[in-house]
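Please treat every number below as a calculation from the coordinates, not as lab data. Predicted model only: the values in this text are computed from it and were never measured. We place every Cβ from the backbone using ideal geometry, glycine too, and count neighbours over all the protein chains shown.
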Amino acid sequence: MTRRVPLLHNAMPESYVEIHPDDAADLGVVNGEKVKIISRRGAVTMKASINGRGVPQKGMVFVPFFDESYKINEVTLDAFCPISKQPDYKKCAVRLEKVS
């Protein structure tokens, strides 16, 4: 729904991956550079956000889900609650690669 509100869309028009500064340095990635987020289920390439809106713990990343042009759900778990059928899109193991 965020993408349907012009004020919010203008404030943040594109999704990103938040990376801890130490992890970004280890990868040789600077703010705004593209990284590939890879899991055993899929991969997505997007811009890195370092020391931006949020700073995840070292060894973790965060991707907001507001931008349907990035299919981040294809990277995350396909598990769901057997009672509510709510998908468990909130966590999974990934690795990052710097995009040349």
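Quick notes on this structure:
- Annotation: the antiparallel percentage among DSSP beta bridges lying fully within the chain is about 80.
- Signed unit charges on C-beta, dipole axis of the stretch 2-98, positive-most listed residue THR45, ILE72, MET60: ILE72
- Approximate spin-label separation LYS58-VAL30, in nm, with each point projected 7 Å along Cα-to-Cβ: 2.3 nm
- Rg and Dmax [Cα atoms of the stretch 2-98; Å; Rg one decimal, Dmax integer]: 14.0, 44
- Remark: for residue pairs LYS36/LYS85; LYS47/LYS90; LYS47/LYS98, the C-alpha separation exceeds 18 Å in LYS36/LYS85; LYS47/LYS90.
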